[in-house]
1. Can you tell me the order of 125-132, 223-230 when each peptide is scored by its average per-residue count of other Cβ atoms within 10 angstrom, highest first?
2. Consider just the alpha-carbon atoms of region 93-164 and return their Rg together with their Dmax, both in angstrom.
3. Where does the charge balance sit around ALA137 when Lys and Arg score +1, Asp and Glu -1, over other residues with C-beta under 14 Å from its C-beta?
4. Students often get this wrong: which residues of region 154-171 have the backbone nitrogen under 14 Å from the point 7 angstrom along Cα-to-C-beta of ASP219?
5. Calculate, for VAL107 and ASP79, the FRET efficiency according to 1/(1 + (r/R0)^6) with r their C-beta to C-beta distance and R0 41 Å; round to the nearest 0.05.
6. I need the peptides 134-141, 196-203, 214-221 ranked by packing, meaning the mean over residues of other C-beta atoms within 10 angstrom, with the highest value on top.
Amino acid sequence: MALSGRVSSNLSLIQKVLRAESVLIQRSGLQQSSEYSRNYASAPETKEKKIKVPLALFGGSGNYASALYLSAAKANMVDKVETEMLDLVEASKRSPLFSQFIKDLSVPGETRVKAVNAISSEAKFSDITKNFLAVLADNGRLRHIDTITKRFVELTMAHKGEVKAIVTTVIPLPPDEEKQLKETLQDIIGHGKKVKLEQKIDPNILGGLVVEFSQKVFDMSIRTRARQMERFLRDPINFDSI
């Protein structure tokens, strides 16, 4: 009960901090989406409605994720492709052999392509996912499938108007406190966006909670407070200032 009380106390404090930061968060572009400047789709331009990525991603993984999103969005299959990619990543984690295969660059590209085509057919993946995996296999990028999928999920969340927030505690938040935190984050993010709260348990923080969202971290953990106190106690005292 005492531990739950400390979590509740920290929750009240972090709610005040989060609300105080709301203006800065809005300025950082939380409620804005930008068009990705490069289109990696191989199909020629048509008079169809132009599809835009809801979030600008950079780097190799971001480029591949953006290309996959554009193809999936044009076919109105974003949810299905997302599920297929997540299933494949999960399967790679469960299978050491498959995980080793996708990381082994010594395997010829043709062999990699045949293997992923067989896997896609067996799993009854959509043509979009199947073709995308074949491109990754041919380009030696299968080893980045986990990162690419995470970036793709960032795009699908932006597409759905979702904002991911991660709260880390020693014990699971009670339903009422989880609801309070979610409502606080929702107030900050504003209408038109939906908070998707993910709870993580980490005994190493010793107590309190850590909230991460929109590239911001609010650390109210006992571990961090203890470290700050330790540094304070180690600093020499300037008696001249007393």
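Throughout, read-outs are computed from the coordinates displayed, never taken from laboratory work. Computed from a predicted model, the values in this text were never measured in an experiment. Neighbour counts are summed over all protein chains in view; Cβ atoms, including those assigned to glycine, are modelled from backbone coordinates with ideal geometry.
1. Working: 125-132: 19.0, 223-230: 12.4.
Ranked by mean Cβ neighbours within 10 Å, highest first: 125-132, 223-230.
2. 13.5, 41
3. On the way: positive: LYS103, ARG112, LYS114, LYS130, ARG141, ARG143; negative: ASP104, GLU110, ASP138.
Neighbourhood net charge equals +3.
4. Answer for region 154-171: 168.
5. Numbers: r = 31 Å, r/R0 = 0.77.
After rounding, the FRET efficiency stands at 0.85.
6. Values: 134-141: 16.8, 196-203: 12.8, 214-221: 15.2.
Top of the packing list down: 134-141, 214-221, 196-203.
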